[in-house]
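Participant: Below: one structure in structure tokens.
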Amino acid sequence: MDANNSQVDGPVDSITTVEPIIGKWRAFGWEAADLDGHDADAVAAALARAADARRPQALVCRTSTRHGLACLPPEADGHFIKLPPELAAMAVAELTAEMAQA
């Protein structure tokens, strides 16, 4: 589950709350893990553990919709942002530089 605090009207927590997500899964008999959804190693390890589990598993991956783009302002929501041309150019340049280093 991607828990990114994003929805069409802005941050989820500015409207309501879905927390405690982990507690809700556990209340229905699931095992639940709270993860940094941007940490691929942590997600892979949790998936490997889940494959051998006896109970249903929920992986709650905390993510940011602007992760990986330092040029975006902190309040930017990557699901719904409309970038002005100059900010779009900055994002393309930043991603291009990242790809060149990979």
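The values are calculated or read from the model by the stated rules, or taken from the named source; none is laboratory data. Worth saying up front: this structure is predicted, and the values here are computed from it rather than measured. Backbone-built Cβ (ideal geometry, glycine too); neighbour counts: all protein chains shown. Just the protein is used for accessible areas: all its heavy atoms, side chains included, with ligands, DNA and RNA removed. Shrake-Rupley method; radii C 1.70, N 1.55, O 1.52, S 1.80 Å.
Participant: Whole number please: convex hull volume per residue, Cα atoms of the range 1-55, in Å³. All intermediate terms of the calculation are to be shown ahead of the outcome.
Facilitator: Working: hull volume 4.6 nm³, N = 55.
Normalising the Cα hull of the range 1-55 by residue number yields 84 Å³.
Participant: Could you provide, to the nearest whole Å², the per residue accessible area of the chain with probe 1.4 Å? Walk me through the numbers before you get to the answer.
Facilitator: Working: 7060 Å² over 102 residues.
Averaged over the residues of the chain, the accessible area is 69 Å².
Participant: Binning at 10 Å from 0, report for the chain what percent of all alpha-carbon pair distances ends up in each bin.
Facilitator: Histogram of Cα-Cα distances, whole percents per bin: 14, 33, 31, 18, 5, 0.
Participant: In the chain, carbon and sulfur make up what percent of the accessible area (probe 1.4 Å)?
Facilitator: Working: 4240 of 7060 Å².
Using a 1.4 Å probe with all protein chains present, the chain comes out at 60 percent carbon and sulfur.
Participant: Let me ask you something else. Given springs between every Cα pair under 10 Å in a Gaussian network model of the chain, which of 45, 76, 58 has the largest fluctuation?
Facilitator: Looking only at 45, 76, 58, the largest GNM fluctuation is found for 45.
Participant: Apply 1/(1 + (r/R0)^6) to the Cβ-Cβ distance of residue 47 and residue 95, taking R0 = 41 Å, and write down the FRET efficiency to the nearest 0.05. Let's see the in-between values first.
Facilitator: Numbers: r = 27 Å, r/R0 = 0.65.
Step by step, r from the Cβ atoms, then E = 0.95.
Participant: Another one. Alpha carbon centre of the range 57-79 versus the range 1-52: separation in Å?
Facilitator: 13 Å
Participant: Could the peptides 26-32, 60-66 be put in order, highest first, of the mean number of other beta-carbon atoms found within 10 Å of their residues? It would help to have the intermediate numbers written out before the result.
Facilitator: Working: 26-32: 13.0, 60-66: 17.4.
Highest-to-lowest ranking by the protection proxy: 60-66, 26-32.
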